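The structure under discussion appears below in the form of structure tokens.
The values are calculated or read from the model by the stated rules, or taken from the named source; none is laboratory data. Given the structure is predicted, the values throughout are model-derived calculations rather than measurements. Here the Cβ positions follow ideal geometry from the backbone for every residue, glycine too, while neighbour counts run over all protein chains shown.
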Amino acid sequence: MQVFRTVLGDVPIETSGRILTHEHLLYGYPGAELDHRTVLDYDAAIGRVAKQVRAGMTDYGYGTLVDMTPPEVGRHPQFLVDVAKQTGLNVVAITGFFPERMGIPYYWRRQTREELTEFFVRDLTEGMVFAWQQTPYKAGAIKIATGQESVTPAPSPRGANGRHVHEVEDRVIRAAAHAAMQVGCGINTHIDPMDFQVTNPGREQLEILDEEGMDLSRVIIGHAFVPPQLEMMREVLKMGANVQLDHIGIPWRVGSAEELDEAMANALLELLSDGYLDRIVLSFDRWFFNPRSTVTDDDPQLANEKVDLSYMFTSWVPRLKSKGITDEQLDAIMIHNPRRILSIKV
């Protein structure tokens, strides 16, 4: 049987509803948890997120959400569980890390590939650890990430094995491949758009995974359309992997949301005409709650939090339908493809 491994246990993929493959229910940059100004009003935050989730489930059929928040960026297993319990949403947590320049805490940078593999496997099969305590809540997928995300973003320099991948990132990616193969789960990735200036970051991630024996059909290259680089996406798709269209309504270092939405819609049409309908997934990459918003409301990064879940069907889907995309194609992208890529056989 194929299941999604959610924080409340394994559920049949047939219960998925529409699937968002890359979101963040609670998100804070490393160190945010130490700031007096971002002390979490837990019950209020749960209520705020649950209200958004319930509205999206009732009005638009969302049923499953992959929370792509890694441990050092605010992953809070109990928070995910409480949102799931209050709403009925299938919440899939991830194990893995953010890019080396802003993530992968020092403790883990010292670990071997084998130790990292063990960590990922235990998150997936025993339960995630939080604040020095073991929890029974399991992750259901793995995140890998590359790029120079930081206060001053820049293209990644050439690093491990001649790729634009840092040394520890390379080790983490190899560990992720071994863990995914042991457990039978999928991998979703983070790439940085600035790296398009110097390489195809998705291809480089896939090369490393392939060297370790990973089935690339179980890998999603995230942020692949930001902004659309059609030849790079085609290169990834020809390798057998999948691409994620995300940041709808959310400009990320790229012009306006309107410009990005239109460019991504046109690129999607190109890939559909190429025959890649079964290799595309869709998400917002939205922050449902970032404690930073209790400090300031003018941080451009908080645009992620301000895009309502209704936007998918009040703006994005009408845009696609005006270009000829059908309900059947949308179901493939939002239901059937992520079921195949991110499910686990039990």
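Here is a yes/no grid of residues against (1) among the hydrophobic types (A, V, I, L, M, F, W, C); (2) in a helix (DSSP H, G or I); (3) in contact with a Cys (Cβ under 7 Å, 6 or more places away or on another chain); (4) over 28 Å from Gly28 (Cβ atoms):
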| site | (1), (2), (3), (4) |
| --- | --- |
| Ile142 | yes, no, yes, no |
| Pro153 | no, no, no, no |
| Val168 | yes, yes, no, no |
| Phe196 | yes, yes, no, no |
| Ala224 | yes, no, no, no |
| His247 | no, no, no, no |
For this session: Sort out which residues of the stretch 87-102 are within 15 Å of the chain's Cα centre (by Cα) and part of a loop (DSSP other than H, G, I, E, B), and write them in order of number.
Result: Phe97, Phe98, Pro99
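Tell me, which helices (runs of 4 or more DSSP H) wholly within the stretch 253-346 include 1 or more residues that are among the acidic types (Asp, Glu) and either surrounded by fewer than 16 Cβ atoms within 10 Å (Cβ to Cβ) or within 19 Å of the chain's Cα centre (by Cα) (or both)? Can you show your working first?
Working: elements: 257-273, 303-306, 317-322, 327-331, 337-342.
Passing ranges, in order: 257-273, 303-306, 327-331.
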Problem set entry | Qualifying residues in the stretch 177-193 (those that are over 19 Å from Asp10 (Cβ atoms) and under 18 Å from the mean Cα position of the chain (by Cα)) - the one surrounded by the most Cβ atoms within 10 Å (Cβ to Cβ) | Ile191
For this session: Evaluate the stretch 56-65: report whether one residue or more is at pLDDT 95 or above, within 23 Å of Ile335 (Cβ to Cβ) and out of contact with any strand residue (DSSP E or B) (no Cβ under 8 Å at 6 or more places or on another chain).
Result: yes
Exercise. Between residues in the stretch 37-53 that are within 14 Å of Arg286 (Cα to Cα) and residues that are among the β-branched types (Val, Ile, Thr) and in a helix (DSSP H, G or I), which pairs lie under 8 Å by C-beta distance while being six or more apart or on different chains?
Worked result: Val49/Val83; Val53/Val83; Val53/Thr87
Exercise. What number of residues within the stretch 2-36 satisfy the criterion of being in contact with a strand residue (DSSP E or B) (Cβ under 8 Å, 6 or more places away or on another chain) and at pLDDT below 95?
Worked result: 1
Exercise. How many residues are surrounded by fewer than 23 Cβ atoms within 10 Å (Cβ to Cβ) and touching a residue at least 40 places away in the same chain (Cβ under 8 Å) if we restrict to the stretch 85-102?
Worked result: 4
For this session: Report, by residue number, each residue of the stretch 107-141 that is closer than 16 Å to Pro70 by Cβ, in contact with a Gly (Cβ under 6 Å, 6 or more places away or on another chain) and of a type outside the set (Val, Ile, Thr).
Result: Tyr137, Lys138, Ala141
Exercise. Quick one: is Gln197 closer than 16 Å to Met264 by Cβ and touching a residue at least 12 places away in the same chain (Cβ under 8 Å)?
Worked result: no
